1. Limited to region 227-242, what total is found for residues that are open to solvent by less than 40 Å² (accessible area, probe 1.4 Å) and over 18 Å from the mean Cα position of the chain (by Cα)?
2. Report, by residue number, each residue of region 435-457 that is of a type outside the set (Val, Ile, Thr) and part of a helix (DSSP H, G or I).
3. Under 9 Å between Cβ atoms, at least 6 apart or on separate chains: pull out the pairs that start in region 293-321 with a residue that is surrounded by fewer than 24 Cβ atoms within 10 Å (Cβ to Cβ) and end on any residue that is of a type in the set (D, E, K, R) and assigned to a helix (DSSP H, G or I).
4. Of all residues in region 473-490, which are open to solvent by 40 Å² or more (accessible area, probe 1.4 Å) and either in contact (Cβ under 8 Å) with a residue 40 or more places away in the chain or among the acidic types (Asp, Glu) (or both)?
5. Conditions: (1) under 28 Å from PHE204 (Cβ atoms); (2) modelled with pLDDT under 80; (3) open to solvent by 20 Å² or more (accessible area, probe 1.4 Å). VAL71 meets all but one. Number of the miss?
6. Look through VAL410, VAL398, VAL430 and report the one residue that is surrounded by fewer than 19 Cβ atoms within 10 Å (Cβ to Cβ), of a type in the set (Val, Ile, Thr) and assigned to a helix (DSSP H, G or I).
7. Being among the aliphatic types (A, V, I, L, M) and either under 13 Å from the mean Cα position of the chain (by Cα) or on the phi > 0 side of the Ramachandran plot (or both) is the filter here, so list the residues in region 215-226 that pass it.
Amino acid sequence: MTTSRTSAGDGISTYKGQERALRADRLGTGGLLLSVLAATAPLMVVAGVMPTTFAVMGIVGQPLLFVVLGVVLILFSVGYAEMSRHVHNAGAFYAYISRGLGGTAGASSALVALVAYNALQVGIYGIFGFEVSGLFATYADVEIAWWIPSLVAALAVGALGWLKIDVNAKVLGVLLVIEVALVVIFDIAAVADPAKEGLSLHAFNPDTLTGAGVGTALCFCIAAFLGFEQAPVYAEETSRPHVLVPRVMFLAVGGVAVFFALSSWALTVATGPSAIVGESQKQSAGLLFGLTESRLGGTFTDVLHVLFVTGMFAAMLSFHNVVARYAFAMGREGLLPAAFGRTNGASGAPATGSLLQTAVSVVIVVAFAIADDKPTGDPTEPVLHLFTWGGNIGALGVIVLMAAASFSVVVFFVRRGAAGAQAWRLVTSVLAGIALLVIAGYTVKDFDVLVGAGPDSSLSWILPGIIGLALVVGVIQGLLLKARSPEAHARIGLGNEAFQLEKAASS
């Protein structure tokens, strides 16, 4: 392994050898945008999250909630995007938090990120297995347990995780574009053939957001945005991270807010605002498919079912790539064993991190399969437990990370003496941080509702406690590292810059 850079043009990414750095110039604007948007799983949100929110919360104004959250996340992105111009690290959240709040806070946030994104990714395997087993039963008259397609998907995602990120981006891109196209077709059909109330804009009326369920509805809806914040994770693999990462984040947040606001409004138009809650409670995840059946026919609905599955696969692959890169960044900086801080020599992918994520997925799916009280596979088990538990644990973790990142942006620029120049960005970061803390508070308070447990269920504190435990363990790890190896602690969040500093010190 060489210990010098191969050429001046290679930059610090090849210092200490290629295996210690992710390959640059793999992603352009399109590839990066598709990679992060795939995690939003648009069809899964429209068919699953939206009807659930209407049904459980009884709030007609879900379209307005997407607009409100879009504003909050744009405020967040202003400071977050500016930070991405100064810090290029696959650790993203924890790298930013390290630069602002210190290495110990960075170590804690790194572990929270690793747990949160693993939970989000693994949670999708539950609903994926349920849907695939349903397709086999419907179209092939074959009964298979939910965990079989889940395990096959885990291995397929793991194999793709070893390939070049631009190959992954193409796979994600094709699946995403088809998903979005089908949802847009439904939106147009709903507007063209509205229910008896016509093209009512009642769902955008602020009066629809009154009641005790608004805070919990925010928790449901913010999960639909998760993915846009992943853009900085790929910064080292882009040609111009200081330009592409901010651009992609704003495109993603704005696009997702508009797309989901219009699509949830289309659902209210198709059923009528006065009927959307009742229909959602009656049909649940079948609402979208029932509406397309009556307007666009059985063939379109069959295709929608298949794309529902492929969209979930795209989301799993997107989250897998993020987890692998967090593990790589942590291994490179001593927060995980050094083996995780190396890449596949052929593809430049973080291979060991990819293996870790695959192993975690397989173990958890197997554990839920064993715990299933019906050996043939009860389709409600993975959906109600693996999907809802994993999704909400992960969403809480990311909300906490976004809040911490917002405040770290403020500290970072104040310490650099740039508070005056960055004043308006610091204001937006504080506002976003406060709003995100409020949403995190509602998430913890109403966790029993989010996971479908009773108010006295121990799950209401055990599940969010997983994020709390990760936070505490991360703090302890950071303090121990600071005591045992101050130099390593000082490198947390530096990424490739640490290699540059080492080279300068040795020259």
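The values are calculated or read from the model by the stated rules, or taken from the named source; none is laboratory data. The structure presented is a predicted model; accordingly, all values stated were derived computationally and were not measured. As a convention, Cβ positions derive from the backbone with ideal geometry for all residues, glycine included, and neighbour counts pool all protein chains shown. Remember, those area values only see protein heavy atoms, side chains included, never the ligands or the DNA or RNA. Shrake-Rupley method; radii C 1.70, N 1.55, O 1.52, S 1.80 Å.
1. The total comes to 4.
2. ALA435, LEU436, LEU437, ALA440, GLY441, TYR442, LYS445, PHE447, ASP448, LEU450
3. PHE300/GLU293; THR301/GLU293; HIS305/GLU131; LEU307/GLU179; VAL309/GLU131; THR310/GLU179
4. VAL473, VAL475, GLN477, LEU479, LYS482, GLU487, ALA490
5. Here VAL71 clears every test but (2).
6. After ruling out the rest, the residue left standing is VAL430.
7. Within region 215-226, ILE222, ALA223, ALA224, LEU226 meet the criteria.
Yes/no per residue for (1) modelled with pLDDT of 90 or more; (2) farther than 30 Å from GLY215 by Cα:
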residue	(1), (2)
GLN357	yes, yes
ASP372	no, yes
ASP378	no, yes
LEU396	yes, no
ARG416	no, yes
GLY420	no, yes
SER429	yes, no
